[in-house]
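Below is one structure, written out as structure tokens; the observations come after it.
The values are calculated or read from the model by the stated rules, or taken from the named source; none is laboratory data. Note that the coordinates shown come from a computational prediction; the quantities given were computed from them, not determined experimentally. Positions of Cβ are backbone-derived with ideal geometry, glycine not excepted, and every protein chain shown enters the neighbour counts. SASA here: full protein model, heavy atoms, side chains in, ligands and nucleic acids out. Shrake-Rupley method; radii C 1.70, N 1.55, O 1.52, S 1.80 Å.
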Amino acid sequence: MDYKNLEHYDADRGAGTVADRTWLDSGSFWLKVTPVGFRNILNFIKEEYGDPPIYITENGVSERESMNLNDVHRIHYYDNYINQALKAYLLDGIDIRGYAAWTLMDNLEWATGFDDKFGFFYVNRSDPSLPRIPKKSVWHYATIINCNGFISPGEIPHECQIHEPDVDIPGTTPPSPPGEELLVSFLGLEVSAPDATLALNVLFSLSIIAAVAVVLLVYGLVKTSKKQKRPVEEHIDLEKKDKF
């Protein structure tokens with residue numbers, strides 16, 4: 001696409017982007033799930049740049065909103081994306097040297113802050129010690145790594161499988177159970193996190209309204225003061241003219 005003189009990221013690369021409605025969504029507005037595209041881009045790199053060695057340094061999917069440790073969408077994502085990378089390596093002869101999932105734990109995702117969660121481990125930020133709690137995908141991905149690939153359905157259970165422990169892992173604090181709201185301290189009161197957010201937004205809005213009101217009040221007083229001075233000055237000028 002020709003963006004003319006527009007200074008923009010898309011203009012710099014001279015291309016537009018579209019998303020097929022059949023692609024699954026993620027927790028990030030810009031990230032769609034389309035595993036076959038992964039294999040396509042690996043083949044494109046091979047053909048366009050002379051078959052260079054490839055290290056995949058970031059590959060993962062996000063969630064948003066309430067936390068669910070049973071992240072089946074992430075398990076589905078890694079199964080399909082790793083499978084496409086495997087096909088690219090074995091069937092297409094692409095020189096893939098390494099693969100790294102994104103990411104180990106939920107972290108700060110640029111402008112979206114902590115809202116977009118890519119991690120295998122959930123970070124409980126309501127706990128001052130910030131414990132890391134494993135999601136279901138941890139054990140699934142660990143099995144892929146330990147088995148160095150996928151287990152054939154006929155070979156399950158397999159000795160290389162990594163199973164989720166039956167007991168809680170020491171030093172972790174799981175998120176609040178479904179239906180139970182997490183309480184936070186706000187202005188000396190114990191309130192739910194959504195209520196605290198709402199109260200904070202209301203206070204912020206009232207502060208802005210109060211600041212605007214003060215500015216308008218000062219402006220009105222100054223304007224009124226100037227109006228009151230003008231008739232007196234005009235009266236003095238008339239008196240002076242009468243004397244002469």
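Below, the figures for the structure above:
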item: Count of the stretch 112-161 residues which are under 16 Å from Asn70 (Cα atoms) and either touching a helix residue (DSSP H, G or I) at 6+ places or on another chain (Cβ under 6 Å) or outside any loop (DSSP other than H, G, I, E, B) (or both); result: 15
item: Selection from the stretch 39-71 of residues that are modelled with pLDDT under 95 and either aliphatic (A, V, I, L, M) or in a helix (DSSP H, G or I) (or both); result: Met67, Leu69
item: Restricting the stretch 79-104 to residues that are among the small types (Gly, Ala, Ser) and more than 26 Å from the chain's Cα centre (by Cα), the residue that is most open to solvent (accessible area, probe 1.4 Å); result: Gly93
item: Every residue from the stretch 28-69 that is aromatic (Phe, Trp, Tyr) and either touching a helix residue (DSSP H, G or I) at 6+ places or on another chain (Cβ under 6 Å) or open to solvent by less than 40 Å² (accessible area, probe 1.4 Å) (or both); result: Phe38
item: Selection from the stretch 88-103 of residues that are in a strand (DSSP E or B) and farther than 12 Å from Ile45 by Cα; result: Arg97, Gly98, Tyr99, Ala100, Ala101
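Rundown of residues vs (1) part of a loop (DSSP other than H, G, I, E, B); (2) at pLDDT 65 or above; (3) hydroxyl-bearing (Ser, Thr, Tyr); (4) surrounded by 14 or more Cβ atoms within 10 Å (Cβ to Cβ), yes/no style:
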site: Pro175; (1), (2), (3), (4): yes, no, no, yes
site: Gly179; (1), (2), (3), (4): yes, no, no, no
site: Ala199; (1), (2), (3), (4): no, yes, no, yes
site: Leu203; (1), (2), (3), (4): no, yes, no, no
site: Leu206; (1), (2), (3), (4): no, yes, no, no
site: Ala213; (1), (2), (3), (4): no, yes, no, no
